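Visitor: First the structure, then my questions, so here it is.
The values are calculated or read from the model by the stated rules, or taken from the named source; none is laboratory data. No experiment lies behind these values; they were computed from the predicted model shown. Don't worry about glycine lacking a Cβ; one is built from the backbone with ideal geometry, like all the others, and counts go over all protein chains shown.
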Amino acid sequence: MLQGFFYNYGQEMPAAQSNLRLSKIGSCDEGVDVHHMRIITPFIVSNRSMFVSWYHLHSREENGAYIFVASQAGNDNFAREQINKIGSDVQGDYNINYVRVTPIFNGSNEVTGCKIAQVLSVDP
């Protein structure tokens, strides 16, 4: 299912977007990975840098929903520590990327598809 895509987000997204660079820079107190997300822009516009945490949540509901959340909330200290890596990049705002993937079952309880809901607030 799509859950594998989000667990491999660091490899999948740069492969899909040639202008995106991702590197793990640390972990929060909760053990959540923090990544430096860098967007390489055309020469007229400055590159963008954001420091984003990724959360993988598994529903306890019977339907087996999976939730992926990415946000920069609480990562200001990482941005300050990584200031030398940002250089002349503009620090963008990665408020939230919420994705809920809910499997759709047929009458035989087999997964036949999925419903995806996404909320995204980014200001690169």
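Visitor: For the stretch 30-50, enumerate the residues that are of a type in the set (A, V, I, L, M, F, W, C) and in contact with a strand residue (DSSP E or B) (Cβ under 8 Å, 6 or more places away or on another chain).
Guide: As a first pass, look at the stretch 30-50 and keep what is of a type in the set (A, V, I, L, M, F, W, C): 32, 34, 37, 39-40, 43-45, 50.
Selection gives Val32, Val34, Met37, Ile39, Ile40, Met50.
Visitor: Ok, one more. So is Ser46 polar (S, T, N, Q) and modelled with pLDDT of 75 or more or not?
Guide: Details: polar (S, T, N, Q): yes; modelled with pLDDT of 75 or more: yes.
Taking the combined requirement at face value, the residue satisfies it.
Visitor: When you scan the stretch 13-22, do you find a residue that is modelled with pLDDT of 75 or more, over 21 Å from Ile96 (Cβ atoms) and among the hydroxyl-bearing types (Ser, Thr, Tyr), even just one?
Guide: No; the residues of the stretch 13-22 include none that is modelled with pLDDT of 75 or more, over 21 Å from Ile96 (Cβ atoms) and among the hydroxyl-bearing types (Ser, Thr, Tyr).
Visitor: Next up: Residue pairs, Cβ under 9 Å, 6 or more apart or interchain, first in the stretch 53-70 and over 14 Å from Ile116 (Cβ atoms), second at pLDDT below 75 and in a strand (DSSP E or B). List them.
Guide: Ser53/Ser27
Visitor: Specify the residue that is nearest to the chain's Cα centre (by Cα); the eligible residues are those in the stretch 40-80 that are within 23 Å of Gly26 (Cβ to Cβ), among the aliphatic types (A, V, I, L, M) and in a loop (DSSP other than H, G, I, E, B). Spell out how you get there, then give the answer.
Guide: Step one: list which residues in the stretch 40-80 are within 23 Å of Gly26 (Cβ to Cβ), which gives 40, 47-57, 67-80.
Remaining after also requiring among the aliphatic types (A, V, I, L, M): 40, 50, 52, 57, 67, 69-70, 73, 79.
Of the ones still in play, those that are also in a loop (DSSP other than H, G, I, E, B) are 40, 73.
Details: Ile40: 17, Ala73: 12 Å.
Looking at residues that are within 23 Å of Gly26 (Cβ to Cβ), among the aliphatic types (A, V, I, L, M) and in a loop (DSSP other than H, G, I, E, B), I get Ala73.
Visitor: For the stretch 81-118, what are the residues that are surrounded by 11 or more Cβ atoms within 10 Å (Cβ to Cβ), over 24 Å from Lys24 (Cβ atoms) and either touching a Pro at 6+ places or on another chain (Cβ under 6 Å) or among the β-branched types (Val, Ile, Thr) (or both)?
Guide: Across the stretch 81-118, the qualifying residues are Thr102, Ile104, Val111, Cys114.
Visitor: If you take the residues in the stretch 81-93 that are aliphatic (A, V, I, L, M) and outside any strand (DSSP E or B), which one is farthest from Gln118 (Cα to Cα)? Show your work before the answer.
Guide: Here is the first cut: in the stretch 81-93, the residues aliphatic (A, V, I, L, M) are 83, 86, 90.
Subsequent filtering for residues that are outside any strand (DSSP E or B) retains 83, 86.
On the way: Ile83: 31, Ile86: 29 Å.
Among those that are aliphatic (A, V, I, L, M) and outside any strand (DSSP E or B), it is Ile83.
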